[in-house]
Amino acid sequence: MSRVALVTGGTRGIGAAISVALKNAGYRVAANYAGNDEKARAFHEATGVPVFKWDVSDYAACGEGIARIESEIGPVEILVNNAGITRDAMFHKMTPQQWHEVINTNLTGLFNMTHQVWTGMRDRSFGRIVNISSINGQKGQMGQVNYSAAKAGDLGFTKALAQEGAAKNITVNAICPGYIGTEMVLAVPEKVLNERIIPQIPVGRLGEPEEIARCVTFLASDDAGFITGSTLTANGGQFFA
Ligand code: CAA
């Protein structure tokens, strides 16, 4: 029986490409999403990937969602923590709510999800955790103190947990995408995107979601068993960590 992979935020943007790539690689995939029922339904109809709705910032909801997937599909052996949000604002204008929403989803979401599949992975002596961080967690980004802090936290989470998982054949890795052509990036004001961001990308274009999905497929594979605690950057040459 093929392995079960769970992708958070797996029905749109980079997450949708990851769900499809893992399905095409032969995994049984479940895609979580938080809010957009219409997009999730369309994604399910187009791909056949089952979709499950809950908010990764809610620990109890993560437990219920994972339990449902494990009873309907099977134990989660590959977890891709992809769900993420932006609440961009200059720091002097950032509200406590904008800070907490981003930290709760983009950082605490990793705890909420991973904590609830971890014991099963330890018991089965196999697991793959792939955390989608960001170039902006590595280099910082004006207008994103909340997001950069959360995404940098994801890298610390990855490196610490990798050490705990290694003896149990569980790898924990991070991918740092640069600017990828998704709704999240296209929400950046056009002038900022065209005049400030794209000129900083040496390959001269935004990345494609599938370019990140291929990184995930590799890190999720049995072939990647010697790679753990690593950060894979895919940013068109914009930043070298
Ligand atoms: N790089 C360089 N300069 C930037 C910038 C950026 N990313 N974002 C804003 N600036 C500049 C603006 O051009 C502007 O400069 P000028 O006054 O010289 O024109 C100045 O900073 C102030 O910007 P705004 O006038 O836009 O100020 P605002 O208060 O209206 O909005 C903002 C501030 C919400 C931060 C808005 O500028 C913005 O959304 N910027 C983009 C931030 C960004 O890069 N977010 C990444 C989202 S994609 C993502 O997060 C995915 C990922 O992992 C990569």
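Things worth noting here:
- Options Ile85, Ile103, Ile18; residue that is over 22 Å from Val216 (Cβ atoms), among the β-branched types (Val, Ile, Thr) and either buried (at least 21 other Cβ atoms within 10 Å of the Cβ) or within 15 Å of the chain's Cα centre (by Cα) (or both): Ile103
- Taken over region 167-187, the criterion of being within 12 Å of Ile201 (Cβ to Cβ) and either among the small types (Gly, Ala, Ser) or away from the ligand (no atom under 11 Å from the Cβ) (or both) is satisfied by Gly178, Gly181.
- Qualifying residue in region 182-194 (condition: in a helix (DSSP H, G or I), touching a strand residue (DSSP E or B) at 6+ places or on another chain (Cβ under 8 Å) and either β-branched (Val, Ile, Thr) or closer than 19 Å to Thr105 by Cα (or both)): no
- Any pair with Cβ under 6 angstrom, 6 or more apart, that starts in region 151-162 at a residue that is under 11 Å from Phe111 (Cβ atoms) and ends at one that is outside any helix (DSSP H, G or I): Gly153/Leu107; Asp154/Asn131; Asp154/Ser133; Leu161/Val172
- Looking only at region 21-34, residues that are in a helix (DSSP H, G or I) and either in contact with a Cys (Cβ under 7 Å, 6 or more places away or on another chain) or surrounded by fewer than 16 Cβ atoms within 10 Å (Cβ to Cβ) (or both) come to 1 in all.
- Single match in Asn136, Asn146 (criterion: touching a residue at least 40 places away in the same chain (Cβ under 8 Å), within 13 Å of the ligand (Cβ to nearest atom), surrounded by 22 or more Cβ atoms within 10 Å (Cβ to Cβ) and outside any loop (DSSP other than H, G, I, E, B)): Asn146
- Residue match in region 196-211 (condition: more than 10 Å from the ligand (Cβ to nearest atom), at positive phi and not in a helix (DSSP H, G or I)): yes
- Applying a threshold of 6 Å to beta carbon distances and a minimum spacing of six or more residues, or different chains, the list of pairs starting in region 70-94 at a residue that is basic (Lys, Arg) and ending at one that is more than 11 Å from the ligand (Cβ to nearest atom) reads Arg87/Glu101.
- Among residues of region 149-173 being of a type in the set (Lys, Arg) and within 18 Å of the chain's Cα centre (by Cα), the one that is surrounded by the fewest Cβ atoms within 10 Å (Cβ to Cβ) is Lys159.
- Hey, Asp37 closer than 23 Å to Thr105 by Cα and surrounded by fewer than 17 Cβ atoms within 10 Å (Cβ to Cβ) or not: yes
- Every condition in (1) of a type in the set (Val, Ile, Thr); (2) under 26 Å from Gly48 (Cβ atoms); (3) within 15 Å of the chain's Cα centre (by Cα) is met by Val117 except one, and the failing one is (3).
- Qualifying position, being in contact (Cβ under 8 Å) with a residue 60 or more places away in the chain and of a type in the set (Lys, Arg), among Arg205, Arg214: Arg214
FYI, it's all coordinate maths here, none of it is from the lab. On a predicted model such as this, the values are computed, not experimentally measured, just so you know. Here the Cβ is made from the backbone with ideal geometry for all residues, glycine too, and neighbour counts use every protein chain on show.
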